[in-house]
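Notes to accompany the following structure.
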Amino acid sequence: MIKTTSRSGKSRLPPRDPKGGRPPRSVAAKLGAHILDTALEQFTRQGVEATSMEAIASAASVSKRTLYARFGSKMDLLVASIEYGVAKHLNPLSSRGGEGSLRERLLDVGARFLDLALKPEVIGLEALVAWVAKEQPTLRKVVHERGVDMAIAIVEQILEDGARRGEVVLKDKAFTAAFVLDALVTVPRDRIVVSMRLGDTKAAKGAYLQGAVDLILMGLSPRSE
């Protein structure tokens, strides 16, 4: 049987037909996402080493045979669940339109990225990425590309749009995008979580982002050439 809800209240797949046989196509299409969602929850809650395939199968209400048939090994499932988690959080940002000035778009994406980076589930996802980088160095590039590189690409696209409109001059777009991402997300999150020099309020974060974006645009302005 596959549960309809999880402990966290997330929607689940409907129960399988007691007569057996193949599940409806609509259910089968959702099974992969259901397993990945459950696996990600288990990995972030229990840690990689303390999470077994048996536990994931039980939590997802699927058989171990189904789990291994789809993912092969726990490491394969871990990497797939990380990719799933990154896409779930970043795809909505990457699909946003390009309306507004460069300043407006940087403020918008900065606020969204920062709020996202402060979510417990995203912090847990980053812990999984760090674990893979340390314990499975050969997979480091795979998980890194799914997270940091995707976020940088989103910022890079916004900067390129601004450069085409003559709002900024980009000499090294990859370096600039990574720098902007750090300035708008990494630094304020560190001040909120680690040093606690910035309040986790809309007003405090908004004031920081406005100052950071204005400083960035001043340095990239065609007039500064």
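For a 26 Å ceiling on Cα separation, which of these pairs sit above it: Lys30/Lys74; Lys141/Lys205; Lys88/Lys134; Lys119/Lys202; Lys30/Lys141? Spell out each step's value before the answer.
Values: Lys30/Lys74 20 Å; Lys141/Lys205 31 Å; Lys88/Lys134 24 Å; Lys119/Lys202 14 Å; Lys30/Lys141 28 Å.
Checking Cα-Cα distances, Lys141/Lys205; Lys30/Lys141 exceed 26 Å.
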Checklist line | Separation of the Arg112 and Leu170 label points, Cα + 7 Å toward Cβ, nm | finding: 1.7
Checklist line | Amide H within-cut-off set for Val168, under 5 Å, with H built and near neighbours excluded | finding: Ala163
Item checked: Fewest-first sequence of Leu220, Leu77 by Cβ atoms within 10 Å of each Cβ -> Leu220, Leu77
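If I require 27 Å or longer along the helix axis, counting alpha carbons, and a Kyte-Doolittle average no lower than 0.0, what helices from the chain are left? Use full DSSP H segments.
74-94
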Notebook entry, point to check: So if we plug the beta-carbon distance of Asp190 and Arg70 into 1/(1 + (r/R0)^6) with R0 = 45 Å, what FRET efficiency do we get, rounded to 0.05?
Noted result: 0.75
Check: In debye, nearest 20: dipole of the range 100-225 around its Cα centre with unit charges on the Cβ of K, R (+) and D, E (-)?
Finding: 120
Check: Under a point spin-label approximation (7 Å from Cα along Cα-to-Cβ), what is the Glu99-Lys134 distance to one decimal in nm?
Finding: 4.5
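Coordinate-derived values only; no laboratory data. Worth saying up front: this structure is predicted, and the values here are computed from it rather than measured. Glycine also receives a Cβ, built like all others from the backbone with ideal geometry; neighbour counts cover every protein chain displayed.
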